[in-house]
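Okay, structure first, notes after.
Laboratory data are not the source of any read-out in this text; all were calculated from the coordinates shown. Every value quoted in this text rests on a predicted model; they were computed, and no experiment measured them. Note that each Cβ is placed from the backbone with ideal geometry, even for glycine, and that neighbours are counted across all protein chains shown.
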Amino acid sequence: EEEYIKIPLDINKTPSENAQKYFKKYNKLKAAEENAYIQIELAEEEDEYLQSVLSNIENADNYKDLEDIKNELVETGYIAFKKSMKSKKTKPSKLLHFISSDGIDIYVGKNNLENDYLTLKFAHNNDIWLHIKNIPGSHVIIKNLGEVPDSTLLEAATLAAFYSKGKNSTKVPIDYTEIRNVKKMAKGKPGMVTYSTNKTIYVDPIKLDLKQV
C-alpha cells in the first residue's frame, strides 16, 4: 500500500520557489548526514590509534620504550610540546631484532613510529609482514632471502601475537603477506596500514626463547 506524505507549501511563494526551498533543505540534511559518517569514521580511527598506543605501553620493556612512546605522542600532537624538549634529541631506539631457529632475521616494532619505519622504509618488497588480525599490535618483519621455513613463520607469528593487545588470549589470528601488499593508510596516523593477499595463522602468544641481537 502506497504511503502519502503531506508537504506544507508557503502560499507566499511560487511552486518553483517552494520546490527550491525544500531542495535546499534536502541538500543541507544530506550534507549533515555525510559529515556525521565522516566524523564517526574519524572517531573510530582515533580510537584504533589510541588503543594501539595503550597496547605499546602495556608491552613496554623499559623506560626507554615509554620515552619513545611519549615522543610519538608529542609528534602526533597528543602531548603539548615543551620548549625544554627542543634541545633534547632522543636517539632512535634499536628495533627488536630476533634470530629464528632457522637463523633468519625477525624484526618487531615497539611503537607506531617504529612500525611505520619498519614496514614502510626498512623492509623490502619480498620480506614477510605479520600483524595480529583486527586489533592493535606490533608490526613484525621476516627478512626473506628465499623461501621462509614454517618454523620461522610460526615463531614470527608468535612474536606478533605476544607484542599485541591479544597477548593474554589463546589461538589468536595472525595475518601475513609480502611487504609489497602493505600500504600506508591515506592520511592515517602512525602505524596504520592496509594490506591484501594475506594468509592467516593461529598461534598462542607465548614468550619465545629466541636469540636477540
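Of note:
- The H on the amide N of residue 96, modeled in the peptide plane, is under 5 Å from the matching H of 108, 110, each at least 5 residues off or on a different chain.
- Legend: distances between Cα atoms for 70/94; 167/187; 94/171; pairs beyond 19 Å are 167/187; 94/171.
- The chain: most fluctuating residue of 166, 109, 188 per GNM, C-alpha cutoff 10 Å: 188
- Of all aspartates and glutamates in the structure, those lying under 15 Å Cα to Cα from residue 189, and not within fewer than 8 positions of it along the same chain, are 41, 44, 45, 46, 47, 48, 72, 75, 114, 116.
- Helix-only CD estimate at 222 nm, as mean residue ellipticity for the chain, using -39500 (n - 2.57) per DSSP H run (n ≥ 4): -12000 deg cm²/dmol
- Estimated distance in nm for a label pair at residue 2 and residue 60, the labels positioned 7 Å out from Cα along Cα-to-Cβ: 6.7
- Positive dipole terminus of the chain, leading residue within 203, 173, 112 (C-beta point charges): 112
- Cα-centred dipole magnitude for segment 1-144, charges only on beta-carbon of K, R (+1) and D, E (-1), debye, nearest 20: 960
- Using θ = phi - 60° and Karplus 6.51 cos²θ - 1.76 cosθ + 1.60, couplings along segment 193-209 (whole Hz; Gly, Pro as x): 9, 10, 8, 8, 6, 9, 10, 10, 10, 9, 9, 8, x, 9, 7, 8, 8
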